Amino acid sequence: MTIDWPHWRRIINERFIELNKCVDRYLILYGSRGSSKSDYTAKRLIFFCLTHKYFKCILYRKNFNSIKDSSYDTIKQAIFDLGLESLFVFKLSPLEIVCLNGNKFIARGGDDPNKLKSIKDPTMVWYEEDIPAESDFATISLTIRSGKADLLQEIFTINPQVEGNPEDNWFWQRFFKDHHELSYRQRTTVEVEGRSIDYYYTVHHSTYQDNRWLPDEVKAQIEDYKTKNPYLYSVYAKGLWTAKETGGNFYKEFSRAKHVKKLVYDPELPLHVSFDFNVNPYCSVQIWQIKGLDVRCIDEIPARYPNNNTKGASKLFLQKYFAHKGGLFVYGDPAGRSADTRSEQGQNDFRIIQTELASLRPQMRVHSKAPAVAMRGNWINQILGFNEGGIVVSIDENCGQTISDFSYLKEASDGTKHKEKVKDAETGVTYEKYGHMSDCADYMLTFAFISEYDKFQRGGITNISFGKNRNSKNSY
């Protein structure tokens, strides 16, 4: 079969010509919307499908149902644009595109991990738009090892916008850390059985300005964001790594710029440690220090399996702070007083904490019942929004789970926390994505500043109140 393939400069933008000879294991295309990175990838893969002796490409997205309207349709449209539709069969069940030479594209979603593991001899994968879960990436990447292929390659086309600090994202850590240029090629050397093995990856940045076919009206709309919304301009025009902005948040007054800082542990000050006793995705431990009205979250411990219980979480805390001599106060969910879920009679979460942390002589500070969610949320928002003279809250830049909670936890219609439930694709366990670390903060703040909180509940403005907690001489 002879294919009259057009010259590449006729069908792709000049910005991508340099990539045609790239045979690196990972090819990462990122940047702004409308840069034509997906169009280029589709045509690149169609060319490989037609010219390689063996080719089986996975089309991946986190949700399987989104593949049909994204990478699948992009490839289908490119095939028709190139006039090659007679050479392909487009299947919907299963979702596949099959070439007459036997090569094919197959669709897989991150919401069905069993199907990811059952792919036989894939040669390539296209991760479209979504940054995959690290476990999905590992599963697919280690599956692409077929000896039948001329080339093994994984291609990412992403808009680099993520929840939380981008630098905390596993993908950024693996492929972007320590690089200041926008586009580059990186060699990675790994020791295998006494030998040094190299593999390479290419990172390629593009913007809408690289797309000669993008209508001028669309370009004008993108540029208009420069003055109207600088955040969206950085996303749509510049294609730079950014944290997603969301609306309807519970902590309306939280600002990463204002409240997130680089903090230092002070061994002379007491530790204020707060617990939330969920098991999945982790048991939450949050560590604060207080000096006057300066309240600092210096550390967090998301105690994951097998330490995702009160005893395990306490042990992890003790491993880090066993030498602390400045005093210890313990806060947490009042439901932890209950003994009805404990295997040992007479035990509850706070007794376990007292036992495990006995060497630090903890003083327990636990409400008789949990403060009302909407009320405490309104009070904490008042604190977060205050600028001077009141309680000042700071969170260390390394407390990623806490920062994500304050950034992305939504408010329910009744003013309480809307704790979105998600399902772990690997284990099938359903858990609340956000809310546990912020609950720790709520319990600690409402008790450590109980006088101020009580005043707020009676209708006062508490953030201009000075003075120490009346319940403890060792509060600050």
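Key figures
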| item | result |
| --- | --- |
| Failed criterion for Ser314 (all others in (1) touching a strand residue (DSSP E or B) at 6+ places or on another chain (Cβ under 7 Å); (2) of a type in the set (Ser, Thr, Tyr); (3) within 27 Å of Val422 (Cα to Cα) hold) | (1) |
| Any hit, the range 12-31, residues being crowded, with 18+ Cβ neighbours inside 10 Å, free of Cβ contacts under 8 Å to residues at least 40 places away in the same chain and closer than 21 Å to Asn103 by Cα | no |
| Close pairs (8 angstrom Cβ cut-off, 6 or more residues apart or separate chains): more than 16 Å from Gly415 (Cβ to Cβ) in the range 234-254, of a type in the set (A, V, I, L, M) and assigned to a loop (DSSP other than H, G, I, E, B) anywhere | Ser234/Leu240 |
| Residue among Thr2, Thr74, Thr41, Thr51 that is outside the structural domain of Glu134 (by TED's automatic domain parsing) and hydroxyl-bearing (Ser, Thr, Tyr) | Thr2 |
| Selection status of Gln382, over 29 Å from Ala257 (Cα atoms), surrounded by fewer than 18 Cβ atoms within 10 Å (Cβ to Cβ) and either among the acidic types (Asp, Glu) or out of contact with any His (no Cβ under 7 Å at 6 or more places or on another chain) (or both) | no |
| The range 300-325 - residue that is in contact with a Phe, Trp or Tyr (Cβ under 8 Å, 6 or more places away or on another chain) and of a type in the set (Gly, Ala, Ser) and, of those, surrounded by the most Cβ atoms within 10 Å (Cβ to Cβ) | Ala313 |
| Options Ile119, Ile106: the member that is of a type outside the set (D, E, K, R), touching a strand residue (DSSP E or B) at 6+ places or on another chain (Cβ under 7 Å), at pLDDT 95 or above and in the same structural domain as Ile158 (by TED's automatic domain parsing) | Ile106 |
| Residue match in the range 103-114 (condition: surrounded by fewer than 17 Cβ atoms within 10 Å (Cβ to Cβ) and of a type in the set (A, V, I, L, M, F, W, C)) | no |
| Residue match in the range 432-444 (condition: over 26 Å from Glu268 (Cβ atoms), part of a strand (DSSP E or B) and at pLDDT below 95) | yes |
| Qualifying residue in the range 85-94 (condition: at pLDDT 95 or above, assigned to a strand (DSSP E or B) and under 28 Å from the mean Cα position of the chain (by Cα)) | no |
| Which listed residue is at pLDDT 95 or above and on the phi > 0 side of the Ramachandran plot, from Arg361, Arg376 | Arg361 |
| Selection within the range 393-415 - assigned to a loop (DSSP other than H, G, I, E, B) and not hydroxyl-bearing (Ser, Thr, Tyr) | Glu397, Asn398, Cys399, Leu409, Ala412, Asp414, Gly415 |
| Leading residue by the ranking (farthest from the chain's Cα centre (by Cα)) among those in the range 168-227 that are more than 24 Å from Ile17 (Cα to Cα) and among the basic types (Lys, Arg) | Arg195 |
| Subset of the range 32-75 that is of a type in the set (Ser, Thr, Tyr) and outside any helix (DSSP H, G or I) - its residue that is surrounded by the fewest Cβ atoms within 10 Å (Cβ to Cβ) | Tyr54 |
| Helices (runs of 4 or more DSSP H) wholly inside the range 134-249 that include at least 2 residues being of a type in the set (Phe, Trp, Tyr) | 170-175, 230-233 |
| Condition check for Thr157: crowded, with 18+ Cβ neighbours inside 10 Å, among the hydroxyl-bearing types (Ser, Thr, Tyr) and closer than 22 Å to Leu232 by Cα | yes |
| Residue among Lys423, Lys473, Lys410 that alone is of a type in the set (Lys, Arg), assigned by TED's automatic domain parsing to the domain that holds Asp294 and either at pLDDT 85 or above or more than 30 Å from Val279 (Cα to Cα) (or both) | Lys410 |
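For every residue, the table says whether it meets (1) polar (S, T, N, Q); (2) out of contact with any Lys or Arg (no Cβ under 9 Å at 6 or more places or on another chain).
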position: Arg185; (1), (2): no, yes
position: Glu191; (1), (2): no, yes
position: Arg195; (1), (2): no, yes
position: Tyr208; (1), (2): no, no
position: Arg212; (1), (2): no, yes
position: Pro230; (1), (2): no, yes
position: Thr242; (1), (2): yes, yes
position: Phe250; (1), (2): no, no
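The values are calculated or read from the model by the stated rules, or taken from the named source; none is laboratory data. Values in this document were obtained by computation on a predicted structure and should not be read as measured data. Ideal geometry is used to build each Cβ from the backbone, glycine not excepted, and the neighbour counts take in all protein chains shown.
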